[in-house]
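Data block below; observations after.
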Amino acid sequence: MKILVTGGAGFIGSNFIRFMLGEHPGAFVTNVDSLTYAGNLENLASIEKDPRYRFVKADIADPDAMDGLLSEGFDTLVNFAAESHVDRSIESAREFIRTNITGTQTLLDSARARSVGLFVQISTDEVYGSLPPGEAFREDTALHPNSPYAASKTAADLLVLAAVHTHGLNAFVTRCSNNYGPYQFPEKLIPLFISNALEGKELPVYGDGLQVRDWLHVDDHSRAIDLLIREGRKGEVYNIGTWQTGAADRTNIEIAKLLLRCLDRPESLLRYVTDRPGHDRRYAMDYSKIAREFGWKPLISLEDGLRSTVRWYVENRSWWEKVKSGEYQEYYRRHYGSRL
């Protein structure tokens, strides 16, 4: 099984690569990443000498680079590569358009030209917009993106589905709820709050903190993608989340307080800040389709997942300190040198 993973130096992609190599002795994974600010090769230090793993520095929006790489022949392409931070998209949408839309179309063109067996598009719950209480997003929920980031991911999803319909490409789309776990870049809510609390800094909570999300551990997400690579159907969309369990549908302020309790830090560290423009109030993913068709369900409860995540950040302080300081970028030069 030859797999090309784009954006594999990021949080979800790197966890997925380690998961696949651990679960499938016959898997060979090529990781292509342009190493923008959120790409961190140290996420993959534990497997970088594995003969079944290879890293290639390249931009998915570069047609020549992608066509050359895909000419090697791959059974599966899993596209994690994306600019993904909503705040950054509000400041400037330019890179989001280039990577998330142009990059996805470039990959689709090369995948068709080079006969890639399967194209898996990794997307987000944010393409659906915001939800009222008591409801959850289904795969047939109307798309209503409310940020430049979400709009760019919506466009990418539709390009993938159009390639299925127009060109017969074997592809499907997965949409996940908020992920958390080890190696997450500390601009995101959970690692930011954990690292700030460990440093004795304030935890910035947007608005009233009552925005609701369902939280998916990255290992459960990797397990779902692995299953869908083997069982998923062409042209389908699959929601991956935790909403049906009722155990991970929490407000941001609840998450902040849970983390402070795990770390034995005072709630006085909480600081309410001006809300993000156009901030979606609530997300929740109905995963009944993947549960009904393939028997998947999340196995890691929010409480257990948060405890293990907090423990990882406590035990790997040097990792996130280097990320926050920018020192993590030295890892590229030390370990790959002129190859980058």
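The numbers here are math on the coordinates, done by the rules we state, and not lab data. A quick note: this is a predicted structure, and the numbers were derived from the prediction, not measured. All Cβ positions, even for glycine, are placed from backbone atoms using ideal geometry, and neighbour counts span all protein chains on display.
Counting each DSSP H run of 4 or more residues in the chain as -39500 (n - 2.57), what helix-only mean residue ellipticity at 222 nm follows after dividing by all residues, to the nearest 500 deg cm²/dmol?
-11500 deg cm²/dmol
Could you list which residues have their amide H under 5 Å from that of ASN178, counting only those 5 or more apart in sequence or on another chain, with H placed in the peptide plane?
The list, which skips near neighbours in sequence, is ASP214, LEU216.
What does the C-alpha gyration tensor say about the overall shape of segment 236-275? Classify as rounded when a/c is under 1.5, otherwise prolate if a/b is larger than b/c, or oblate. Walk me through the intermediate numbers first.
Details: a/c = 3.73, a/b = 1.99, b/c = 1.87.
Cα axes put segment 236-275 in the prolate bin.
Report relative contact order for segment 113-255 in percent, whole number only (criteria: Cα-Cα under 8 Å, sequence separation at least 6).
28
Please report, in debye to the nearest 20, how large the charge dipole of the chain is about its Cα centre when each Lys and Arg carries +1 at its beta carbon and each Asp and Glu carries -1 there.
380
On a 30 Å Cα-Cα criterion, which of the cross-link pairs LYS153/LYS289; LYS57/LYS324; LYS153/LYS324; LYS188/LYS297; LYS57/LYS201; LYS234/LYS297 come out too long? If you can, show how the numbers build up before the last one.
Numbers: LYS153/LYS289 21 Å; LYS57/LYS324 22 Å; LYS153/LYS324 27 Å; LYS188/LYS297 24 Å; LYS57/LYS201 35 Å; LYS234/LYS297 21 Å.
Distance filter (> 30 Å) returns LYS57/LYS201.
Restrict the search to segment 1-76; then list the trypsin sites (Lys or Arg not before Pro) that DSSP places in a loop and that have at most 11 other Cβ atoms within 10 Å of their Cβ.
Counting only loop positions with at most 11 other Cβ atoms within 10 Å, the trypsin sites (Lys or Arg not before Pro) in segment 1-76 are LYS49.
Could you give the spread of the C-alpha atoms of segment 16-97 along their three principal axes, from largest to smallest, in whole angstroms?
For segment 16-97, the Cα spread along each principal axis is 43, 28, 17 Å.
What's log10 of I(q)/I(0) for segment 201-340 at q = 0.14 Å⁻¹, Debye sum over Cα points only, no solvent?
-0.90
What nm distance separates the two modelled labels at ARG276 and ASP87, each placed 7 Å from Cα along Cα→Cβ?
About 0.9 nm, to one decimal.
Wrap a convex hull around the Cα atoms of segment 169-284, take a quarter of its surface area, and give that in square nanometres. Could the numbers behind the result be given before it?
On the way: hull surface 34.6 nm².
Taking the Cα atoms of segment 169-284, their convex hull projects to 8.6 nm² on average.
How large is ³J(HN,Hα) for each residue in segment 290-298, as worked out from phi by the Karplus curve 6.51 cos²θ - 1.76 cosθ + 1.60 (θ = phi - 60°), to whole Hz, x for Gly and Pro?
Karplus-based 3J(HN,Hα) across segment 290-298 equals 5, 5, 5, 7, 10, x, 7, 8, x Hz.
Rg/Rh for segment 64-159: what does it come to with C-alpha atoms and Rh from Kirkwood?
Computed over Cα atoms, the ratio is 1.04.
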